[in-house]
1. Please work out which residue is most open to solvent (accessible area, probe 1.4 Å), limiting yourself to the stretch 19-36 and to residues that are at pLDDT 95 or above and either within 12 Å of the chain's Cα centre (by Cα) or within 16 Å of residue 100 (Cα to Cα) (or both).
2. Go through the residues of the stretch 117-124 one by one and say whether even a single one is in contact with an Asp or Glu (Cβ under 7 Å, 6 or more places away or on another chain) and surrounded by 20 or more Cβ atoms within 10 Å (Cβ to Cβ).
3. Hey, can you tell me all the residues within the stretch 3-36 that are closer than 20 Å to residue 47 by Cα, outside any helix (DSSP H, G or I) and among the β-branched types (Val, Ile, Thr)?
4. Mind listing whichever residues of the stretch 57-68 are open to solvent by less than 10 Å² (accessible area, probe 1.4 Å) and under 17 Å from residue 91 (Cβ atoms)?
5. Can you find a residue that is within 12 Å of the chain's Cα centre (by Cα), closer than 20 Å to residue 132 by Cβ, open to solvent by less than 60 Å² (accessible area, probe 1.4 Å) and touching a residue at least 12 places away in the same chain (Cβ under 8 Å) anywhere in the stretch 41-56?
6. Can you pull out every residue in the stretch 150-174 that is part of a loop (DSSP other than H, G, I, E, B) and either without any contact (Cβ under 8 Å) to a residue 40 or more places away in the chain or touching a strand residue (DSSP E or B) at 6+ places or on another chain (Cβ under 9 Å) (or both)?
7. Looking at the stretch 74-149, what strands (runs of 3 or more DSSP E) fall wholly within it and have at least 1 residues that are closer than 18 Å to residue 36 by Cβ?
Amino acid sequence: TIDITPQDDLWTTLKGLQPGDEVVVHAGDYPIPGFVDIVLMGSEAAPIVVRAADGEVARIQGIPEQNTLNVSGAWYTLRGLEIVGGSHGVRLGTSAHAVLEDLHIHGTADVGISCNRPDNMYEAITIRHNHIHDTGMGGGPGEGMYLGCNDGACKMWDSVIEYNWVHDTLNGEQG
């Protein structure tokens with residue numbers, strides 16, 4: 001288990017995770033340093049977990065020019081984080097057996113959660129108990145979630161999307 005506070009370098013920590021690592025992000029603000037692309041390669045026996053500390057608000061702050069979190073990999077979980085701003089709140093690249101749960105995503109310039117990179121694959125993604133609102137604040141389409149691609153340019157399958165609260169998406173073009 002790796003405990004992170006705002007005085008620590010969250011971004012370097014996330015880029016160096018190994019199967020079985022758990023990162024506990026403690027209360028505070030964590031502004032992204034620009035483009036952030038994280039690959040989390042856990043395993044079925046040793047998944048990677050990145051989560052807010054119990055009862056604490058760990059706020060990841062994006063900038064309009066970048067997605068707040070770009071994440072790809074396998075057997076990983078993001079849980080309990082508040083994700084504010086950015087173009088996309090969370091944008092997944094090719095991923096398998098990923099879990100996004102109990103996230104609070106809001107104030108994005110475009111979409112809350114996206115799994116829509118062309119030529120990427122999304123297998124067994126679980127998106128559960130997330131609160132997504134105030135998307136499209138920068139005039140982008142503003143969907144709560146954009147899962148899969150038009151014309152089969154990317155594919156998502158065997159996934160579960162349940163118990164999410166998505167509201168106030170009307171700021172964007174199609175939220």
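The values are calculated or read from the model by the stated rules, or taken from the named source; none is laboratory data. Since the model is a prediction, treat every value here as computed from it, not as a measurement. Using ideal geometry, Cβ is built from the backbone for each residue, glycine included, and neighbour counts are taken over all protein chains shown. When the accessible area is computed, the model is the full protein with side chains, heavy atoms only, and any ligands, DNA or RNA have been set aside. Shrake-Rupley method; radii C 1.70, N 1.55, O 1.52, S 1.80 Å.
1. Checked the stretch 19-36; the qualifying residue most open to solvent (accessible area, probe 1.4 Å) is 22.
2. no
3. Within the stretch 3-36, 4, 23, 24, 25 qualify.
4. Across the stretch 57-68, the qualifying residues are 60, 68.
5. The answer is yes; a qualifying residue exists.
6. 153, 154, 158, 159, 163, 164, 168, 169, 170, 171, 173, 174
7. Correct list: 82-84, 90-101, 104-106, 113-115.
Rundown of residues vs (1) hydrophobic (A, V, I, L, M, F, W, C); (2) touching an Asp or Glu at 6+ places or on another chain (Cβ under 6 Å); (3) over 25 Å from residue 17 (Cα atoms), yes/no style:
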| residue | (1), (2), (3) |
| --- | --- |
| 79 | no, yes, no |
| 97 | no, no, no |
| 103 | yes, no, no |
| 126 | no, no, no |
| 132 | yes, no, yes |
| 150 | no, no, yes |
